[in-house]
Structure formats: C-alpha cells, structure tokens
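This report refers to the structure that appears directly beneath it.
The values are calculated or read from the model by the stated rules, or taken from the named source; none is laboratory data. This is a predicted model, so every value here is computed, not measured. Positions of Cβ are generated from backbone atoms using ideal geometry, with glycine treated the same way; all protein chains shown enter the neighbour counts. Each accessible area value is taken on the protein alone, full model and side chains, heavy atoms only, with ligands, DNA and RNA left out. Shrake-Rupley method; radii C 1.70, N 1.55, O 1.52, S 1.80 Å.
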Amino acid sequence: MFKAIIFDLDGTLLDLPINYTALYKKVSELTGIAEINSLLKTVAEIKDQQVLRQVFDAWTGFELDIIDKITIHEEGMQLYEQHNRLPKALVTMQGKETVNEICQKFNLQFNTVFTRDNSLNRAEQLKLATTKLGYTLPDTLFIGNIDNDENAAKQVGCQFIRVK
C-alpha cells in the first residue's frame with residue numbers, strides 16, 4: 001500500500017503534441033551540435049550558461065505553443081481522480097512556466113512540483129518529491145508512461161504503475 005503518489009505529466013496525465021523534430025533542430029542551431037539524439041543528454045552536457053538558458057527558453061516556447069492542443073490522457077486522469085485525497089507530487093521534464101499554465105488550464109493540483117528546472121534526472125526528481133511530501137520512497141507510488149519512468153522508480157525503490 002502507498003501513502004503518497006507522484007505523477008509524470010506528458011504521456012501520463014496529458015498528451016503534449018510538442019514538435020520534437022523542430023525543437024531538436026532549434027537546439028542543434030543553438031548548441032552547434034549537428035545531431036541531437038537525446039534532448040536531456042544534450043542539455044545535461046551544455047556548460048555555457050547563456051546557451052543553456054537559450055535552449056531552455058526555446059524548449060519552453062515549443063511547449064507554450066501547444067497549450068491549446070493538449071489532450072487529456074484518460075487512464076492517467078482516472079488515477080489522478082481516484083487518488084485525489086492522497087498527498088501528491090508532479091515530476092516532469094516540462095519547464096515551470098509551462099507546468100503553471102497547464103495546471104491552471106486543467107485544474108491540476110499538487111502538493112509539490114519538480115520540473116526540469118529542478119533536475120534533469122527522473123530518479124533525482126522522485127527523491128526530491130518524496131522528501132518534500134514527507135514520505136519514504138517505498139511508501140510512494142509513481143505513475144508514469146515510459147521505460148525511463150519505470151527504471152527510475154526501480155532505482156530509487158518506489159512503487160510504479162505504467163499508463164498506456
């Protein structure tokens with residue numbers, strides 16, 4: 001049994017139709033890296049803080065451009081409603097500005113939120129969220145949608161449910 005719950009955002013609660021091909025192209029232009037295979041790995045390797053800020057700003061711009069095109073992910077939202085009384089957190093690779101807009105638009109409420117602005121590492125986000133909620137990792141359920149989510153949950157020792 002779990003006492004607290006953590007949700008992923010994109011692909012879990014909502015579906016964000018971000019144009020990643022165009023975003024990767026923009027990041028390539030900003031960084032001078034010809035081929036971007038992983039946005040998170042690329043961003044983690046950027047040492048120049050000005051370039052990093054430009055990449056984050058571009059990324060946020062791509063996210064904000066699709067706010068009106070976001071759709072609800074039924075399975076994830078059912079779990080959100082089902083466990084609405086539990087202490088809950090959101091961990092996401094979206095930016096704070098985007099998350100604020102999305103939460104307001106979809107009336108989503110969390111006790112705490114950790115975005116890419118806090119950490120680019122999902123396992124670290126889970127640790128931060130669980131600590132902030134005041135529970136242990138084994139007492140926490142993480143709901144996500146991809147292998148990286150499940151692997152992070154296993155790595156830190158929290159329970160996991162994958163939405164499809």
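The table for this structure:
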read-out: The range 102-164 and the range 12-28: distance between their alpha carbon centers, rounded to Å; value: 21 Å
read-out: Calculated [θ] (222 nm, deg cm²/dmol) that DSSP helices of n ≥ 4 give over the chain, each run adding -39,500 (n - 2.57); value: -14000 deg cm²/dmol
read-out: Ratio Rg/Rh [Cα only; Rh per Kirkwood] for the range 68-154; value: 0.93
read-out: Charge tally in the Cβ shell below 10 Å around T31, where Lys, Arg are +1 and Asp, Glu are -1, T31 excluded; value: -2
read-out: Relative contact order for the chain, counting Cα pairs under 8 Å that sit 6 or more residues apart, in percent; value: 32 percent
read-out: Modelled FRET efficiency - R0 30 Å, E29 with C103, Cβ distances, 0.05 increments; value: 0.45
read-out: Surface per residue (accessible, 1.4 Å probe) for the chain, Å²; value: 53 Å²
read-out: Value of Rg to Rh for the range 1-68 (Rh from inverse mean 1/r over Cα pairs, i.e. Kirkwood); value: 1.08
read-out: Heavy-atom accessible surface of the chain: percent carbon and sulfur, 1.4 Å; value: 47 percent
read-out: Sum of side-chain charges, Q94 neighbourhood, beta-carbon under 11 Å (Lys, Arg +1; Asp, Glu -1); value: -4
read-out: Local electrostatic count at I6 - Lys and Arg +1, Asp and Glu -1, tallied over other residues with Cβ under 12 Å; value: +2
read-out: Angle between the chain longest axis and helix 96-106 axis [Cα atoms, degrees, rounded to 10]; value: 50 degrees
read-out: Hypothetical label at N148: residues of the range 77-103 whose amide nitrogen lies under 14 Å (7 Å Cα-Cβ projection); value: 91-95
read-out: Estimated distance in nm for a label pair at K132 and L52, the labels positioned 7 Å out from Cα along Cα-to-Cβ; value: 1.9 nm
